[in-house]
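Here's the structure, in structure tokens; my notes come after.
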Amino acid sequence: MDLARILKVESVSRLQPTPPRMVQASQAVGDAVALMRQQEVGCVLVCQENTVVGIFTERDLLRRILALGKPLTLPIVHCMTPRPVAVHPKDSIGSAVRLMEEGGYRHLPVMDGGKPVGILSVKRIVHYLAEHFPSTVYNLPPDPSAVQHEREGA
Amino acid sequence: MICPTCGWDNLPGSEECGHCQQDLTPLDRPLPQDRVERSLMEDPVSALGPKPPVTIAADTTVAEAVQTMLARHIGALLVVDSCGGLLGIFSERDLLTKVAGLHEDLAGLTVGDFMTRAPDSVADDDTLAFALHKMDGGGYRHLPVLSNGQPSGVISVRDLLQHITRLCQE
């Protein structure tokens, strides 16, 4: 099946989005930063009474905290991006890509019936594309300069 | 592997024909199946139109670097030495993992202490498949593009995605 068709018919859930990392709206920015650092992710969802009210990404950290010299003790609700654009697990991969390109987003929350079920990142999509062309992307020409300088076991 | 020249039946994976010494390696090379794959295999990184790099010196303060990233709407800066050679890359991820919450005064920190040293890079004539492989394998969002050893641009994961989806829509 060619890629254009795959992007139309395959759904976002096929990409197995990463499980969402969440913080409460009343928590401090520092808590979110610690969570992102510990989990090695680029964004967290901000929740209030079980609904998602915003998203906090590395860009928000740069733009709304570090650039303005604000302290990390601020409540996250004041420096998140409110009401993020989201996708449904049944949406096509192509529509998610289009949303990312139009909005310049790197992360989209995946929401099912008002509940967050995952985060879809641009890296995940690129990984999927790389997997789609295994013989092209993973079979790279040999590197002639890679020489073993010592005999094995010597 | 049947030799296309003399018809000799070689062991699978042979590099040359055991009968006529014909080079057999091209037989195993992947062939593009569609337009997107052909572009990945044949087009160079320069086809993405890499943006000119925004460079800073290693002794720039982190506060200045943050302002530059904001003003230029980018997520990564290339750190270069006085001759323009690439020393490292300083990105949003470096800020998240090494700076935020750990240091207070950003104007007192220099980028050289927090950048990612000797980053992976691609040459401007490498294929897009090669760049995609590096980005996916290393988990990078930005790759410096070098021409003649000097940084001449930066490509981002979004540039690649945009290129591929545009080919799909045509």
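The values are calculated or read from the model by the stated rules, or taken from the named source; none is laboratory data. Everything quoted here is computed from the prediction, not taken from an experiment. Neighbour counts are summed over all protein chains in view; Cβ atoms, including those assigned to glycine, are modelled from backbone coordinates with ideal geometry. Just so you know, the surface numbers come from the protein's heavy atoms only, side chains and all, with ligands and any DNA or RNA stripped out. Shrake-Rupley method; radii C 1.70, N 1.55, O 1.52, S 1.80 Å.
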*Which numbered condition trips up residue A:66, out of (1) facing another protein chain (nearest Cβ under 10 Å); (2) in contact (Cβ under 8 Å) with a residue 24 or more places away in the chain?*
(2)
*Failed condition for residue A:84, given (1) of a type outside the set (Val, Ile, Thr); (2) away from chain B (no Cβ under 14 Å); (3) closer than 17 Å to residue A:28 by Cα; (4) crowded, with 20+ Cβ neighbours inside 10 Å*: (3)
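In the range B:135-146, which residues are in a helix (DSSP H, G or I) and over 18 Å from residue A:106 (Cβ atoms)? So that I can check it myself, show each step before the final result.
Applying the first criterion (in a helix (DSSP H, G or I)) to the range B:135-146 yields B:135-138.
Residue satisfying the conditions is B:137 alone.
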*Report yes if some residue within the range A:136-147 is within 14 Å of another protein chain (Cβ to nearest Cβ) and at pLDDT 85 or above; otherwise report no.*
no
*Among the residues of the range B:140-164, write down those that are within 21 Å of residue A:40 (Cα to Cα), open to solvent by 30 Å² or more (accessible area, probe 1.4 Å) and not basic (Lys, Arg).*
B:140, B:142
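Listed here are the residues, each with its yes/no results for (1) under 15 Å from residue A:52 (Cα atoms); (2) open to solvent by 50 Å² or more (accessible area, probe 1.4 Å).
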{"residue": "A:73", "(1), (2)": "no, yes"}
{"residue": "A:80", "(1), (2)": "yes, no"}
{"residue": "A:90", "(1), (2)": "no, yes"}
{"residue": "A:103", "(1), (2)": "no, no"}
{"residue": "A:107", "(1), (2)": "yes, no"}
{"residue": "A:116", "(1), (2)": "yes, no"}
{"residue": "A:119", "(1), (2)": "yes, no"}
{"residue": "A:124", "(1), (2)": "no, yes"}
*Please work out which residue is surrounded by the fewest Cβ atoms within 10 Å (Cβ to Cβ), limiting yourself to the range A:22-44 and to residues that are part of a loop (DSSP other than H, G, I, E, B) and within 10 Å of another protein chain (Cβ to nearest Cβ).*
A:40
*Just name the residue that is nearest to the other protein chains (Cβ to nearest Cβ) out of those in the range A:9-20 that are under 21 Å from the mean Cα position of the chain (by Cα) and assigned to a helix (DSSP H, G or I).*
A:15
*Conditions: (1) over 14 Å from the mean Cα position of the chain (by Cα); (2) within 23 Å of residue B:73 (Cβ to Cβ); (3) within 13 Å of chain B (Cβ to nearest Cβ). Residue A:6 meets all but one. Number of the miss?*
(2)
*Among B:124, B:136, B:81, B:159, which is facing chain A (nearest Cβ under 9 Å) and of a type in the set (D, E, K, R)?*
B:136
